């Protein structure tokens, strides 16, 4: 490559020619390279713009269009007179998107300098965070005041990932009064998400944070929720909406109109005073539930935004068990309220006639055991009417022994004892209807004939819910025709005003003879006229039928006298009362349990009296008498 | 048109201007303004600013077309030295903007010396090889390589990967056209491949990230992969004929980053489709073809090497930009020549075309 130029100019010229040729060859190679590279680009463009066009076009559209769910308003729940038991109101919330935040604690600390954040809010937020991993944004504060909104707006640049949203909130204006019936909603948890997915309705819950958790809110969720609308919004890269492309409006959830009467419920609730207990009142002619009380209750509003752990612990650890739905899931020995049903069984199975009488010595001996009557010395000659009116134990000891446990179980089963009524809220307990089979299954033990005797007076293994008792007495009141108890009267479409009746299942007519029923009904009227219920119903302007009952909470040793004053409050007997009125054309049938209050006639019957007075006569209890019944 | 005064003005205006090349350059600039209108949402300010840039660049082009190449030979070395001094000045006293030390504050104005080196390096190398035209040995190529690599290293350290890639390309083209032996080229390629792991460790984190992102943009869709993903979506969603001017959703909803500058091609491809993309490729190819023709006919070693370097660097610009927008090259800050917004790149490219025209038009004058 090295030439000495000075020696031969001819070489230089030829060399220059050669160099130009070499240069042009190189240039041609470069040009070829350029062509190849541009061809490569053209291929790439073809690949992207033709081969992958469909896919990338879809991606561009997905970029551009954001599907925003538009939430429907949840249906409201009103009582039979239109009194709101659950409704919605709009409020502003401060929400955090945890996925966008590095240090939540310090962020919340900083937020607290702008907006008041109580320890309760922090606890609730932490709980929400644990429950709902990676689900959108979580509220740290609800119900912001206008001033707080303004303060946050001014400081908003400091808090990326925190936003203010206007949301509809569920409110239960009646507070604890309906906590066990209406129930409450709460934030959707992972298990519920899975269930919704399994049911194929998760799409309808896009954007929805809440779902019915208990009571009617839970049972009627699919009616109350409504249909979520969809808005197609064009958004820019920052996710800011540019314009709405299309919108399908949400369809509001349906309203529930209940059979319940809010005033009656309140009267019943107040009638318990400070006592714990339950009351279920049913319209015997329809099965519609008129009042459904479990006391104490709790404020369901705490649960809407997620309850904070402290309140939760308080509710859970309270010895009064406010979270337990006593009317639905509490089971109590029916005590003497069982006797009319026993008498009906005896008539139906032909083991007694109304006139057949026994001489009651005040006790019944069986297999070496002495079963005592309530009244020392006994009631003398007792026929069926008297056995119910004075609540004679001995009559039923003997009767139970004559019937045998399996006949009792068979008959009581037809009245609904020991099986779920099918009421339209979940969590119902079936109670215990003892039988030989039941005992074998439950304890792997044989039934002892002696055990039948106490079953006859509603003790022993017997355990039924107040709902079952109310249902049974309603059946008696309705001459043996029984309806499924239901709380909701009808479901109302908010737009068309169409009503879908919550039809009771076709009524079931029990195989009972009218003359047998008449005997029992007369005896029940006798109870309130001249028997154990007479004092509570003295001066009533209507004819009512009733039966008192007292359920032992602890066993009493043989030969030991039960002394109410000596027994610890929590071990005192439960007072029970079942009733219906008016006796000739019953409009309401009910069962009351007053826990640990003692004798049924004294503590449960007055509650029933107040409820019946209000329902039949519109009479409100005299205020100063409220809560004082226990002291009688 | 027969007015002798006008004819005379026209003669002086167009004497050294290559009509074909000018027509192609103007066509590309027009495309640039059109796309700019869409990319900026018809922002009058941006279009006007770019229009002013175009006028300035055309003036510069005319001026350089009128500078005879032998003046450039004399200018070559001093310009290179000045550029080097400024680069060292940047390294020592430069202003940091967006994490990169690229600007030098001269009190009156701020300049970016790396832009100057885009012209100064090929000029200097062409001058050097022209000087040693007759006695080229391997050592001359080695010296040429050193002249190339020193500014490249300084610029790469600023860091400015895009510009250093362009300067390496322009310098390499000079070496290649000057007849660097294939054995050395292949040897260097092999050595480069072997040194890749070391080069990797010398890269900045964000530079490495860009390369990783190219291999798999989806690994960081909201971070460094975002540019590539959104621009390929824009290009691909254009289809055969595009969504129409002003109708690109990726563009108008702000999904394309840097859409008036480095990523303007994504806007173009989204709105004009494959048809438009191929037309644009053809325009670039015609410009490059014209440049290669001028190069092939250049009279001296200096002009040949310079013209070749200018033409091929222009190709590199276009290829790297479109390659990066369509997702086959890593994201380096290289604008689409003559189309992207920005005065300094427009001016430096038009200086190149001015020189090309000068080489072409002064050829006869030199020969006569």
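Just so it is clear, none of the values below were taken in a lab; they were calculated from the coordinates. What you see is a predicted model, and the numbers here were worked out from it, not measured in a lab. Positions of Cβ are generated from backbone atoms using ideal geometry, with glycine treated the same way; all protein chains shown enter the neighbour counts.
Measuring from label point to label point, each 7 Å out along Cα→Cβ, what is the residue A:500 to residue A:84 span in nm?
2.4
As a check on your grasp of the helix formula, calculate [θ] at 222 nm for the protein assembly as shown: sum -39500 (n - 2.57) over DSSP H runs of n ≥ 4, divide by the residue count, round to the nearest 500.
Helix-only estimate at 222 nm: -15500 deg cm²/dmol.
Rounded, prolate or oblate: which fits segment B:252-368, taking a ≥ b ≥ c as square roots of the Cα gyration tensor eigenvalues, rounded meaning a/c under 1.5, else prolate when a/b beats b/c?
Prolate, because a/c is 1.5 or more and a/b exceeds b/c.
Classify segment B:1-46: rounded, prolate or oblate, from the alpha-carbon gyration tensor (a ≥ b ≥ c, eigenvalue square roots; a/c under 1.5 rounded; otherwise prolate if a/b is larger than b/c)?
prolate
Using only Cα atoms, find the angle between the long axis of helix A:339-348 and the longest principal axis of chain A, and express it within 0 to 90 degrees, rounded to the nearest 10.
Tilt relative to chain A: about 80 degrees.
Please report the spacing between the Cα centers of segment A:172-200 and segment B:89-151 in Å, no decimals.
What the calculation gives is 73 Å, centre to centre.
Rounded to the nearest Å, what's the spacing between the alpha carbon centres of segment B:154-210 and segment A:397-437? Just the number, please.
92
If I model chain B as equal point scatterers sitting on the Cα atoms and use the Debye formula, what is log10 I(q)/I(0) at q = 0.09, 0.10, 0.15 Å⁻¹?
Log10 of I(q)/I(0), two decimals: -0.54, -0.66, -1.44.
If you take the Cα Rg of segment B:196-328 and divide it by 2.2 N^0.38 Å, with N the number of residues, what do you get?
Ratio of Rg to 2.2 N^0.38 Å for segment B:196-328: 1.26.
Would you order A:77, A:201 from fewest to most other beta-carbon atoms within 10 Å of each residue's own beta-carbon?
Least crowded to most crowded, the residues run A:201, A:77.
Between residue B:247 and residue B:202, 0.36 nm times their residue separation minus their Cα-Cα distance comes to what?
Answer, rounded to one decimal: 11.9 nm.
Tell me, what are the semi-axes, in whole angstrom and largest first, of the equivalent ellipsoid of chain A as set by the roots of 5 times the Cα gyration tensor eigenvalues?
Semi-axes, largest first: 76, 26, 24 Å.
How do B:115, A:147, A:595 line up, fewest other C-beta atoms within 10 Å first?
Taking fewest neighbouring Cβ atoms as first place, the list is A:147, B:115, A:595.
Rounded to whole Å and ordered largest first, report the semi-axes of the equivalent ellipsoid of segment A:87-173 derived from its Cα gyration tensor (root of 5λ).
Calculated on Cα positions only, the semi-axes equal 19, 17, 12 Å.
Give me the distance in nm between label points sitting 7 Å out from Cα along the Cα-to-Cβ direction at residue B:67 and residue A:195, one decimal.
Here the answer is 8.1 nm between the modelled labels.
Pop the C-beta distance of residue A:55 and residue B:27 into the FRET formula with R0 = 41 Å and round what comes out to the nearest 0.05.
Approximately 0.80, to the nearest 0.05.
What FRET efficiency, computed as 1/(1 + (r/R0)^6) with R0 = 41 Å and r the Cβ-Cβ distance, is obtained for residue A:616 and residue A:402, rounded to the nearest 0.05?
For R0 = 41 Å, the calculated efficiency reads 0.60.
Taking the 0 to 90 degree range and rounding to the nearest ten, how far is the long axis of helix A:514-530 tilted relative to the main principal axis of chain A, both from C-alpha atoms?
80
What are the radius of gyration and Dmax of segment B:286-353, computed over its Cα atoms and given in Å?
Rg, Dmax (Cα atoms, Å): 13.1, 40.
Using only Cα atoms, tell me the angle between helix A:53-64 and the longest principal axis of chain A; keep it within 0 to 90° and round to the nearest 10.
Helix A:53-64 sits roughly 60 degrees off the main axis of chain A.
With a ≥ b ≥ c taken as the square roots of the eigenvalues of the C-alpha gyration tensor of segment A:407-539, please select rounded if a/c is under 1.5 and otherwise prolate if a/b is larger than b/c or oblate if it is not?
Oblate shape, in that a/c is at least 1.5 and b/c is the bigger or equal ratio.
7 Å from Cα along Cα→Cβ at both residue B:131 and residue A:165: what's the point-to-point distance in nm?
Calculated label separation equals 7.2 nm.
Looking only at segment A:371-405, which residues have a backbone nitrogen under 14 Å from a spot 7 Å from the Cα of residue A:534 in the C-beta direction?
Within reach of a label on residue A:534: A:386-391.
Over segment A:100-190, what is the relative contact order in percent, taking alpha-carbon pairs closer than 8 angstrom and at least six residues apart?
35
Give the distance, in whole Å, between the Cα centre of segment A:30-80 and the Cα centre of segment A:233-301.
Here the answer is 44 Å between Cα centres.
If r is the Cβ-Cβ distance from residue A:97 to residue A:429 and R0 is 30 Å, what FRET efficiency results, to the nearest 0.05?
Plugging the Cβ-Cβ distance into 1/(1 + (r/R0)^6) gives 0.10.
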